[in-house]
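The values are calculated or read from the model by the stated rules, or taken from the named source; none is laboratory data. Quick caveat, the model's predicted, so the values are computed rather than measured. Heads up, the Cβs are rebuilt from the backbone with ideal geometry, glycines too, and the neighbour counts pull from every protein chain shown.
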Amino acid sequence: MTKPMPSGMPFTVIGAAPGQLTAVGGGTKSGLWTQIVSDITGLKQVIPTVTIGASFGDAMLAGRGVGLVPPDRLWSTPTETLVPDDRAAARYDELYRVYRLLYPATVEQAHDIARVQEETADTARR
């Protein structure tokens, strides 16, 4: 399981230090989600023209591997670049702090809800 990274946390903690992010996949369709990612990471985020993601990247790497695509060819051109909003990041940090306090206080109820959902699903499958 992964957990969110609070804004301002250095990526070097996880062994990386990117200068910017590139968004791909379904999340790129939501301007709100991509902006939130930029805000909490504190990094610029590029939205490329081609947002297919994994399959396009796989094809590019395969093409490079067999010499059909030059190694210096960019896989996509940026359509938009988002910049982090420091005020929003401060709000997310505060919300995350409250969540961290709230979760231990409600963990039993969360497990009860999950159990009821699972029982309901089991009944529906019968």
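Residues in the stretch 67-97 that are modelled with pLDDT of 95 or more and in a loop (DSSP other than H, G, I, E, B) were compared, and the one that is nearest to V46 (Cα to Cα) is V83.
Consider the stretch 98-126 and keep the residues that are of a type in the set (K, R) and in a helix (DSSP H, G or I). The one that is surrounded by the fewest Cβ atoms within 10 Å (Cβ to Cβ) is R125.
Note on the stretch 26-66: residues that are assigned to a helix (DSSP H, G or I), basic (K, R) and either under 30 Å from Y96 (Cα atoms) or in contact with a helix residue (DSSP H, G or I) (Cβ under 7 Å, 6 or more places away or on another chain) (or both) amount to 1. Residue count for the stretch 43-85 satisfying the condition of being loosely packed, with under 12 Cβ neighbours inside 10 Å and over 17 Å from T22 (Cα atoms): 8.
Being on the phi > 0 side of the Ramachandran plot and not acidic (D, E) is not true of G19.
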